[in-house]
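Here is the structure we will look at.
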């Protein structure tokens with residue numbers, strides 16, 4: 001496997017202190033959460049040791065410095081997403097919170113019984129459960145775009161499902177199980193034809209893909225910090241201004257108000273209308289450092305690196321008679337490899353891998369409807385990222401061989 005021009009995984013890996021352990025760590029679960037570079041750790045530490053004050057409220061220098069660092073991250077994200085207006089970047093606690101915000105605020109104020117929304121059968125639970133709850137509450141109808149035999153979205157079926165009754169189409173940019181990059185431009189175009197809004201779950205996409213929201217032209221886009229090298233507990237909701245302006249606040253309290261009297265309240269302008277309470281200040285500042293780190297990379301070369309690692313694992317397992325691969329690599333893929341072993345249960349295989357210093361994920365990956373389609377209640381997932389190299393994949397493959405010696409060849 002040749003090195004990707006313009007990308008040096010060794011140089012990248014050296015900036016992640018978790019890998020500087022005496023015992024080798026082969027971390028291949030980045031689809032669940034990514035490791036953090038020293039620059040992100042330093043930014044969070046600096047926020048607590050040098051900038052610890054509440055934001056937006058104090059007139060003293062420490063508070064103003066904290067506010068500036070906090071708001072600098074909003075500017076970085078606005079630029080990172082294709083120079084979108086900063087007031088359309090809303091901080092939440094993660095992708096799940098962002099989707100719930102849209103479901104509760106936009107969904108409850110704009111939808112009525114009988115209105116239809118269209119999802120896909122491969123969505124993460126976070127892009128299923130809020131809509132199920134909304135359906136139970138107000139009686140909306142949910143329809144689902146199926147997958148073709150190659151596990152790609154069936155756009156022909158989507159054309160039939162998305163109709164004049166459709167008010168929202170919500171779809172993951174990248175499947176967290178399959179690693180497939182969905183054709184969201186085409187999906188968004190289908191929604192626009194009927195005047196439907198679009199929500200894109202970018203949790204798996206933003207860590208790997210350069211994303212220009214001005215080009216995608218979706219109504220909502222959301223993602224999480226912790227999957228893109230940043231701290232946990234922080235996420236982003238992007239929305240179009242005219243849509244966000246029309247939405248009522250989801251949470252009430254400090255910092256989202258303009259004025260409060262005993263008779264009622266008026267609300268702050270965007271983005272603060274949706275940012276009630278004291279935010280995760282240090283974590284947001286850490287997210288800014290993560291954006292800086294990713295921006296410093298050749299993103300396309302980094303993506304090709306991830307794909308090559310996934311391809312190497314795929315080619316090593318494709319002829320294994322005990323393995324059913326649920327991934328078909330292609331240009332619309334980020335390198336995530338999901339499979340089922342016909343003899344070894346996913347949890348047993350993951351536990352054995354751990355004994356060899358390899359971290360992978362086993363289970364339904366918060367995508368139980370997709371597990372039903374794959375005809376397996378659980379699968380094993382290996383998800384490489386920028387700090388991995390071929391030695392990590394070799395360790396993963398060697399652990400499978402050793403597990404088979406124990407469970408299959410005994």
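Data for the structure
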| quantity | calculated |
| --- | --- |
| Residue check for residue 199: closer than 20 Å to residue 80 by Cβ and either out of contact with any strand residue (DSSP E or B) (no Cβ under 9 Å at 6 or more places or on another chain) or in a strand (DSSP E or B) (or both) | yes |
| Residues satisfying the stated conditions in region 138-162, i.e. out of contact with any helix residue (DSSP H, G or I) (no Cβ under 8 Å at 6 or more places or on another chain) and either loosely packed, with under 14 Cβ neighbours inside 10 Å or at positive phi (or both) | 139, 148, 149, 150, 151, 156, 160 |
| From 92, 120, residue being touching a residue at least 60 places away in the same chain (Cβ under 8 Å) and either within 16 Å of residue 222 (Cα to Cα) or not assigned by TED's automatic domain parsing to the domain that holds residue 237 (or both) | 92 |
| Any chance residue 249 is touching a strand residue (DSSP E or B) at 6+ places or on another chain (Cβ under 6 Å), surrounded by 17 or more Cβ atoms within 10 Å (Cβ to Cβ) and closer than 29 Å to residue 107 by Cβ | yes |
| Hits in region 152-175 (condition: touching a residue at least 12 places away in the same chain (Cβ under 8 Å) and within 15 Å of residue 332 (Cβ to Cβ)) | 152, 153, 155, 171, 172, 173, 174, 175 |
| All positions within region 254-264 that are within 17 Å of residue 57 (Cβ to Cβ) and either without any contact (Cβ under 8 Å) to a residue 24 or more places away in the chain or loosely packed, with under 13 Cβ neighbours inside 10 Å (or both) | 256, 257, 258, 259, 260 |
| Residue 101 vs. criteria assigned by TED's automatic domain parsing to the domain that holds residue 226 and touching a strand residue (DSSP E or B) at 6+ places or on another chain (Cβ under 7 Å) | yes |
| Flag if residue 218 is under 18 Å from the mean Cα position of the chain (by Cα), over 20 Å from residue 369 (Cβ atoms), buried (at least 23 other Cβ atoms within 10 Å of the Cβ) and without any contact (Cβ under 8 Å) to a residue 60 or more places away in the chain | yes |
| Selected residue (only one of 183, 146 is touching a residue at least 60 places away in the same chain (Cβ under 8 Å) and either outside the structural domain of residue 331 (by TED's automatic domain parsing) or more than 22 Å from residue 239 (Cα to Cα) (or both)) | 183 |
| Test result for residue 51, crowded, with 20+ Cβ neighbours inside 10 Å, outside the structural domain of residue 360 (by TED's automatic domain parsing) and more than 22 Å from the chain's Cα centre (by Cα) | yes |
| Among residues of region 216-229, those that are more than 14 Å from residue 198 (Cβ to Cβ) and out of contact with any strand residue (DSSP E or B) (no Cβ under 8 Å at 6 or more places or on another chain), counted | 4 |
| The listed residue being in the same structural domain as residue 84 (by TED's automatic domain parsing), in contact with a strand residue (DSSP E or B) (Cβ under 6 Å, 6 or more places away or on another chain), under 27 Å from residue 104 (Cβ atoms) and assigned to a strand (DSSP E or B), out of 236, 260 | 236 |
| Some residue of region 89-109 being surrounded by fewer than 19 Cβ atoms within 10 Å (Cβ to Cβ) and on the phi > 0 side of the Ramachandran plot | no |
| Candidate set: region 163-195, residues that are in a helix (DSSP H, G or I) and touching a helix residue (DSSP H, G or I) at 6+ places or on another chain (Cβ under 8 Å); chosen: the one nearest to residue 362 (Cα to Cα) | 184 |
| Evaluation of residue 331 against (1) touching a residue at least 24 places away in the same chain (Cβ under 8 Å); (2) closer than 21 Å to residue 178 by Cα (one fails), failing number | (1) |
| Some residue of region 1-11 being within 30 Å of residue 354 (Cβ to Cβ), part of a loop (DSSP other than H, G, I, E, B), within 26 Å of the chain's Cα centre (by Cα) and in contact (Cβ under 8 Å) with a residue 60 or more places away in the chain | yes |
| Complete set of residues in region 216-230 that are farther than 17 Å from residue 103 by Cβ and either in a loop (DSSP other than H, G, I, E, B) or at pLDDT below 95 (or both) | 217, 225, 226, 227, 228, 229, 230 |
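For every residue, the table says whether it meets (1) at pLDDT 95 or above; (2) within 27 Å of residue 124 (Cα to Cα).
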| site | (1), (2) |
| --- | --- |
| 351 | yes, yes |
| 369 | yes, yes |
| 398 | yes, no |
| 409 | no, no |
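The values are calculated or read from the model by the stated rules, or taken from the named source; none is laboratory data. Only a predicted model underlies this, so the values are computations on that prediction, with no experimental measurement involved. Quick reminder, even Gly has a Cβ in these numbers, built from the backbone with ideal geometry, and neighbours come from all protein chains shown.
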